[in-house]
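Every read-out reported here was derived from the displayed coordinates using simple, explicitly stated rules and does not represent laboratory data. Nothing here was measured: the structure is a model prediction, and the numbers come from that model. Please note: Cβ atoms are built from the backbone with ideal geometry, for glycine as well, and neighbour counts cover all protein chains shown.
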Amino acid sequence: MSETRNQSVGLARFFRRGPWENAATAAIAAGVVMLMQPFSLTLFGYSFAVILAGTVGFVIVSHFPE
Amino acid sequence: MTDSPINGVAEQVARGTPQPLATRFRGLSDRAIAWIFISPTIVLLLAINIFPLIWTVYLSFTNYRANRPGRPIEWVGTRNYERLLGSEDIWGYLQATAHFVCWTMALQVLLGLGLALLINRNFKGAGFWTTVILIPMMLSPAVVGVFWTYLYQPQTGIFSYILNLFGDFGPIDMIGSVGLAPWSIIIVDTWMWTPYIMLLCLAGLRSIPEYLYEAAEIDRANALQKFWHITLPRVLPFLMLAVLFRGIENFKMFDMVVELTSGGPGSTTELASINLKREAFESWRTGYSSAFAVILFVTVFGLGNIYVKALNRVKQ
């Protein structure tokens, strides 16, 4: 009983909004930098995937508990 | 009560009269009433925003051309995205956009914060000067673009004349020169939108309680320490908000630059949104330009999420 409770507490702690939201924000910011940097065409090529992942991630994690 | 003919007529009239709206709503739940009120807005949003968005996403995976409506639409998968994200031209347009966004933000933050600190000193005529400073922000970007083309005229424009007061530079062609054209649009945007940053910073400065400065005085803090430890941390959320908001707007910048330089000379000032319009309505590559629009939309949407997060932090 207490083991199940501990597991759910652990999950709740893992799926907290704050750190995940920060990670998604960092991904969006990194993607925007990759999209507009003048150094590498390869980075530019992957920029949209990074922004999309960050944005979709942000929408999902914004539904996590505080 | 007698059952007179007059009463009968009154009853018939009462039955014929429609029930007042309030009486009819009385039987509905709060949730149903809420739905009735918001449903017109939802229908409009679906028709004007959501449907075109979904349609654009669909078109981005096709080779559709809007000038050939009879041609069968072919599904091309992610080919449009691959071509866009592997194109050096598109990369160049996004770099031009980055140059524009970074420099306008840096200049507007510096000048906006400086002006806000000056106006916050409450000198005589501060209200008048605030109004004067805010005027550029109230003008239409297209109008600003048109009249700055006159100010930038190399032979007759006042810009060239003023610069020549400081040295013999000769006629300065701000719009026609490859090196100066990107700076010409940065100057105009800075002139137009610095007041906006100033306004938000001023709101931040006015919200700082006076007792913090009094406590700093007691602790013998100098002006720089007061600015660094009190003013800047208190204004920073407002400043971040302004930068994010203006950053998103400048990322989408179109009208002012089109009026001023039309993306020229060559493609020096061709920002992403200007190229998008050209691909969509001059080259008629609708599928390709839809893919470009989706890339810009996802970028702005992502930045918008950061903007909302910053807004919530300011509220707290």
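On C-alpha positions alone, give me the angle between the axis of helix B:272-281 and the longest principal axis of chain B, in degrees, nearest 10.
Roughly 60 degrees, rounded to the nearest 10.
Longest exposed-loop-site-free stretch of chain B, with trypsin sites (Lys or Arg not before Pro), DSSP loop and at most 12 other Cβ within 10 Å?
Of all site-free stretches, the longest is B:1-120.
Round to the nearest 0.05 the FRET efficiency obtained for A:V56 and B:T131 when R0 = 51 Å and r is the Cβ-Cβ distance.
So, using R0 = 51 Å, E works out to roughly 0.70.
Toward the positive end of the charge dipole of chain B, about the Cα centre and with charges on Cβ (Lys, Arg +1; Asp, Glu -1), which of B:V243, B:L134, B:L46 goes farthest?
Looking along the dipole axis, the top candidate is B:L46.
Can you compute the helix-only [θ] at 222 nm over the protein assembly as shown? Use -39500 (n - 2.57) per DSSP H run of at least 4 residues, normalise by all residues, nearest 500 deg cm²/dmol.
-23000 deg cm²/dmol
Across peptide A:26-35, what mean number of C-beta atoms from other chains lies inside 10 Å of a residue's C-beta?
Mean shielding by partner chains, rounded to a whole number: 4.
Quick check: the angle from helix A:41-61's long axis to the longest principal axis of chain A, C-alpha only, nearest 10 degrees?
Compared with the principal axis, the helix lies near 30 degrees.
Under a Cβ-only charge scheme (Lys and Arg +1, Asp and Glu -1), can you give me the dipole magnitude of the protein assembly as shown about the Cα centre, in debye to the nearest 20?
820
Per residue of the stretch B:147-158, what does 6.51 cos²θ - 1.76 cosθ + 1.60 with θ = phi - 60° give for ³J(HN,Hα)? Whole Hz please, x for Gly and Pro, Karplus curve as stated.
6, 6, 5, 6, 5, 8, 4, x, 8, 10, x, 6
Taking 0.36 nm per residue of sequence separation and subtracting the Cα-Cα distance, how much length would be gained by fully extending the chain between B:D168 and B:I42, in nm to one decimal?
39.2 nm
To the nearest 0.05, how large is the calculated FRET efficiency for A:F15 and B:R278 if R₀ is 56 Å and r is the Cβ-Cβ distance? Spell out each step's value before the answer.
Values: r = 45 Å, r/R0 = 0.81.
The computed FRET efficiency comes out at 0.80.
For B:K309, give me every one of the aspartates and glutamates with a C-alpha distance below 16 angstrom, ignoring sequence neighbours fewer than eight places off in its own chain.
A:E21, A:E66
Taking +1 at the Cβ of each Lys and Arg and -1 at the Cβ of each Asp and Glu, which of B:L232, A:G45, A:G18 sits farthest along the dipole of the protein assembly as shown towards its positive end, judged by Cα position relative to the Cα centre?
Positive-most Cα among the choices belongs to A:G18.
To the nearest 20 Debye, how big is the dipole of the stretch B:240-316 about its Cα centre, given +1 on the beta carbon of each Lys and Arg and -1 on that of each Asp and Glu? Walk me through the numbers before you get to the answer.
Values: 8 positive and 6 negative charges, 94 e Å.
Its charge dipole is roughly 440 debye.
If you put +1 on each Lys and Arg Cβ and -1 on each Asp and Glu Cβ, how big is the dipole of chain B around its Cα centre, in Debye rounded to 20?
720
Once amide H atoms are placed 1.01 Å from N in the peptide plane, what residues at a sequence separation of 5 or more from B:T62, or on another chain, have their amide H within under 5 Å of its amide H?
Close amide H contacts, sequence-distant or interchain: B:V76.
Could you state the angle between the C-alpha long axis of helix B:181-206 and the longest principal axis of the C-alpha atoms of chain B, as a value from 0 to 90 degrees rounded to the nearest 10?
That helix lies at roughly 60 degrees to the long axis.
What distance in nm separates the simple spin-label points at B:L117 and B:R220, each placed 7 Å from Cα in the Cβ direction?
2.4
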